[in-house]
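First the structure, in the form of structure tokens, and then the observations on it.
The values are calculated or read from the model by the stated rules, or taken from the named source; none is laboratory data. Everything quoted here is computed from the prediction, not taken from an experiment. Cβ sites come from the backbone with ideal geometry, for glycine too, and all protein chains shown count toward neighbours.
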Amino acid sequence: MSSKKFLFVVQAEGRGHLTQAIALYEMLTRSGHIVTAVVIGSAKGKEVPAYVKERCKVPVLSIDSPHFVKDKHNRGISITRSIVYAIKNIRKYYQSICFLKDAVHHHQPDVIINFYEPLTGIAAALFSLPVKIISVAHQYIYLHPDFHFPKGSSNRDQWLVKYYTKLTAYRSNRLLALSFYQMDCMDYRRIKICPPLLRKEIAQQEIFKGKYILVYLVNAGYMKNIISWHKENPDMEIHCFTDSPAVKGKWQYAEGLYFHALDDRKFLYYMANAAALATTAGFESVCEAMYMGKPVMMVPVENHFEQWCNARDAASCGAGIYANHFDLTQLKNYISKHVNVAEKMINWVDRAETILIQAIAELFVDESDFVPSAHTVEALEMR
């Protein structure tokens with residue numbers, strides 16, 4: 001058999017898993033393999049981002065999936081509200097699980113690539129899906145014995161995030177843990193440490209040391225903080241990307257303060273020309289900034305333990321600093337002290353295709369049956 005068939009299932013909380021799926025889609029299709037469809041798990045009524053449909057030239061389908069519910073201030077997450085919402089919608093989630101089972105039957109993939117969607121693990125448990133499963137996400141690093149949670153984290157939070165992470169990967173044949181850095185032990189049982197999956201556009205950006213601060217807000221409730229800070233620091237230009245439904249395209253709030261609707265390519269362009277990035281501590285945005293050599297200030301979403309860990313983990317390997325609030329003065333003062341780690345990150349990211357294609361090939365008895373891309377062959381020959 002000259003190629004394999006893949007079905008993607010993607011958790012759409014934030015944009016990280018979606019952009020990772022796009023990157024892997026391009027790697028696999030470049031190798032001559034087939035992605036039959038992309039199933040996106042999202043909140044009810046949440047539209048599939050246009051850039052996903054544009055980049056993935058296959059059916060892109062949407063299912064209802066559990067997700068974090070924001071607090072009343074639209075700044076953090078509410079665990080209680082999230083649990084109550086999930087219980088109320090359990091019947092819809094069961095329908096989504098059945099949809100996944102039917103999608104496997106219809107598309108007949110050789111492999112499901114699961115980007116941290118919990119319903120994939122539940123479907124595998126309920127229906128014993130007759131297909132290999134590979135789960136891909138940064139969070140799988142929590143299950144690796146060489147990863148140590150930051151000081152100050154509670155045993156309860158550690159247990160909860162590990163339990164949920166195991167649920168998403170139930171019956172997975174392989175777990176690909178995307179990491180900010182390499183580890184001494186790259187393979188542990190089913191877990192393989194892998195570089196970040198960044199889109200090809202990031203390597204195509206021309207990098208400049210700009211004068212403005214770029215801000216990325218998952219939760220629009222933080223917009224007030226940015227506005228307040230800019231009123232006290234009107235000399236600093238700020239470009240802020242946010243999920244606020246009130247922002248369409250580009251909106252100039254005041255002289256030197258601009259809000260933008262989420263747009264993946266536009267965001268990369270502004271990052272390439274920024275002096276620094278202030279962001280909630282999502283894995284993907286921080287990796288992109290490190291790749292471009294931009295200083296980062298990470299402000300974890302309130303009550304979001306994963307982001308709390310991300311901020312400290314990324315800071316420890318040179319990404320920048322972390323803070324509890326969007327006080328951009330801290331970032332402004334840090335810029336001149338930042339040590340550029342771009343070269344190290346670029347070298348790590350450049351190994352992604354080789355490592356991931358090899359990890360997928362290992363699932364098959366005859367690895368020669370899995371067709372690598374020319375890029376992968378070249379990388380293997382250089383090793």
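In table form, for the structure just shown:
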quantity: So residue 291, is it at pLDDT 90 or above, in contact with a helix residue (DSSP H, G or I) (Cβ under 7 Å, 6 or more places away or on another chain) and not in a loop (DSSP other than H, G, I, E, B); calculated: yes
quantity: Residue check for residue 288: buried (at least 18 other Cβ atoms within 10 Å of the Cβ) and more than 23 Å from residue 205 (Cβ to Cβ); calculated: no
quantity: Test: residue in segment 67-89 that is at pLDDT 95 or above and in a strand (DSSP E or B); calculated: no
quantity: Check on residue 311, in contact with a Phe, Trp or Tyr (Cβ under 6 Å, 6 or more places away or on another chain), crowded, with 18+ Cβ neighbours inside 10 Å and free of Cβ contacts under 8 Å to residues at least 60 places away in the same chain; calculated: yes
quantity: Selection from segment 295-308 of residues that are crowded, with 19+ Cβ neighbours inside 10 Å and over 17 Å from residue 16 (Cβ atoms); calculated: 295, 297, 302
quantity: Residue 281 closer than 29 Å to residue 344 by Cβ, crowded, with 23+ Cβ neighbours inside 10 Å and touching a Pro at 6+ places or on another chain (Cβ under 9 Å); calculated: yes
quantity: Residue under evaluation residue 17, criteria (1) in contact with a Leu (Cβ under 8 Å, 6 or more places away or on another chain); (2) modelled with pLDDT of 90 or more; (3) within 26 Å of residue 266 (Cα to Cα); (4) not small (Gly, Ala, Ser), criterion not met; calculated: (1)
quantity: Unmet requirement for residue 25, which otherwise passes all of (1) assigned to a helix (DSSP H, G or I); (2) of a type in the set (Ser, Thr, Tyr); (3) surrounded by fewer than 18 Cβ atoms within 10 Å (Cβ to Cβ); calculated: (3)
quantity: Considering residues of segment 253-262 that are out of contact with any helix residue (DSSP H, G or I) (no Cβ under 8 Å at 6 or more places or on another chain) and part of a loop (DSSP other than H, G, I, E, B) only, the residue surrounded by the most Cβ atoms within 10 Å (Cβ to Cβ); calculated: 262
quantity: Test: residue in segment 144-153 that is under 21 Å from residue 350 (Cα atoms), of a type in the set (Asp, Glu) and at pLDDT below 95; calculated: no
quantity: Residue under evaluation residue 250, criteria (1) within 26 Å of residue 340 (Cα to Cα); (2) among the charged types (D, E, K, R); (3) surrounded by fewer than 19 Cβ atoms within 10 Å (Cβ to Cβ), criterion not met; calculated: (1)
quantity: Residues located in segment 31-52, provided they are part of a helix (DSSP H, G or I) and surrounded by 15 or more Cβ atoms within 10 Å (Cβ to Cβ); calculated: 51, 52
quantity: Boolean, residue 360 is surrounded by 21 or more Cβ atoms within 10 Å (Cβ to Cβ) and either at pLDDT below 95 or farther than 24 Å from residue 237 by Cβ (or both); calculated: yes
quantity: Sole exception among (1) touching a strand residue (DSSP E or B) at 6+ places or on another chain (Cβ under 9 Å); (2) within 18 Å of residue 286 (Cα to Cα) for residue 199, by number; calculated: (1)
quantity: When residues of segment 219-244 are limited to those that are more than 19 Å from residue 16 (Cα to Cα) and among the charged types (D, E, K, R), the one surrounded by the fewest Cβ atoms within 10 Å (Cβ to Cβ); calculated: 235
quantity: Any helices (runs of 4 or more DSSP H) falling wholly within segment 103-221 and containing at least 2 residues that are over 19 Å from the mean Cα position of the chain (by Cα) and within 27 Å of residue 298 (Cα to Cα); calculated: 155-168
quantity: Condition met for residue 265 (surrounded by fewer than 22 Cβ atoms within 10 Å (Cβ to Cβ), in contact with a helix residue (DSSP H, G or I) (Cβ under 7 Å, 6 or more places away or on another chain), in contact (Cβ under 8 Å) with a residue 60 or more places away in the chain and not small (Gly, Ala, Ser)); calculated: yes
quantity: Filtered residues of segment 182-218 (kept if aromatic (Phe, Trp, Tyr) and exposed (fewer than 15 other Cβ atoms within 10 Å of the Cβ)); calculated: 208
